[in-house]
Amino acid sequence: QVQLVESGGGLVQPGGSLRLSCVVSGSIFGINAVGWYRQAPGLQRELVANMPTDFSTGYADSVKGRFTISRDNAKNTVYLQMNNLKPEDTAVYYCNIALKLAELAPPQNYWGRGTQVTVSS
């Protein structure tokens, strides 16, 4: 059974940094697109950063220059490095991965359960 497990969240002061990780557990053939989303209380889930391919990235305007998404396909892991964190970054962060269970299978979309990030002094 394939699962995505996020880690690295926590409480940090404004200006601080955190690195989120998302590990794919279970047997898969490969990872296609990856992304990180977040959802603050009372708000809709929003895209923070994504990597449609190994060499392309996209970021929400609110995090450009502060967040960096990366992936290690050999480890089936996706990262989100978050620097210069602000109180408005407080949210539950979710990883989203499109992966293939077999070579000829179509990509399937998976979500992690989320990790809480709180930015507060």
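Quick one: which of 43, 85, 47 is over 20 Å from residue 2 (Cβ atoms), in contact with a strand residue (DSSP E or B) (Cβ under 7 Å, 6 or more places away or on another chain), part of a loop (DSSP other than H, G, I, E, B) and of a type outside the set (S, T, N, Q)?
So the residue among 43, 85, 47 that is over 20 Å from residue 2 (Cβ atoms), in contact with a strand residue (DSSP E or B) (Cβ under 7 Å, 6 or more places away or on another chain), part of a loop (DSSP other than H, G, I, E, B) and of a type outside the set (S, T, N, Q) is 85.
What do you reckon, is residue 33 under 14 Å from the mean Cα position of the chain (by Cα), without any contact (Cβ under 8 Å) to a residue 24 or more places away in the chain, more than 22 Å from residue 121 (Cα to Cα) and open to solvent by less than 50 Å² (accessible area, probe 1.4 Å)?
Against the criterion (under 14 Å from the mean Cα position of the chain (by Cα), without any contact (Cβ under 8 Å) to a residue 24 or more places away in the chain, more than 22 Å from residue 121 (Cα to Cα) and open to solvent by less than 50 Å² (accessible area, probe 1.4 Å)), residue 33 does not qualify.
Taking only pairs six or more apart or across chains, which ones have beta-carbon atoms under 8 Å, a first residue in segment 109-121 that is of a type in the set (Gly, Ala, Ser), and a second residue that is assigned to a loop (DSSP other than H, G, I, E, B) and at pLDDT 95 or above?
Every condition considered, the pairs that remain are 120/13; 120/14; 120/90; 121/13; 121/14.
Residue 11 passes all but one of (1) under 21 Å from residue 74 (Cα atoms); (2) open to solvent by 70 Å² or more (accessible area, probe 1.4 Å); (3) part of a strand (DSSP E or B); which number fails?
Checking residue 11 against (1) under 21 Å from residue 74 (Cα atoms); (2) open to solvent by 70 Å² or more (accessible area, probe 1.4 Å); (3) part of a strand (DSSP E or B), the one that fails is (1).
Would you tally the residues in segment 63-85 being surrounded by 13 or more Cβ atoms within 10 Å (Cβ to Cβ), more than 15 Å from residue 9 (Cβ to Cβ) and over 15 Å from the mean Cα position of the chain (by Cα)?
Of the residues in that region, 1 qualify.
So in segment 53-82, with the set limited to residues that are part of a loop (DSSP other than H, G, I, E, B) and among the charged types (D, E, K, R), which one is modelled with the lowest pLDDT?
Only one residue fits best here, namely 54.
Here is a list: 39, 44, 13. Which entry is free of Cβ contacts under 8 Å to residues at least 12 places away in the same chain and of a type in the set (S, T, N, Q)?
None of the others qualify; the one that does is 44.
Quick one: would you say residue 92 is part of a strand (DSSP E or B), of a type in the set (A, V, I, L, M, F, W, C) and open to solvent by less than 20 Å² (accessible area, probe 1.4 Å)?
Judged against the criteria, residue 92 is not a match.
Quick one: residue 105 ticks every box in (1) in a loop (DSSP other than H, G, I, E, B); (2) open to solvent by 60 Å² or more (accessible area, probe 1.4 Å); (3) within 20 Å of residue 4 (Cβ to Cβ); (4) small (Gly, Ala, Ser) except a single one, so which number is it?
(2)
The values are calculated or read from the model by the stated rules, or taken from the named source; none is laboratory data. From a predicted model like this one, the values you see are computed outputs, not experimental measurements. Glycine gets a Cβ as well: all are built from the backbone with ideal geometry, and neighbour counts include every protein chain shown. Side chains included, ligands, DNA and RNA excluded: accessible areas come from the protein's heavy atoms. Shrake-Rupley method; radii C 1.70, N 1.55, O 1.52, S 1.80 Å.
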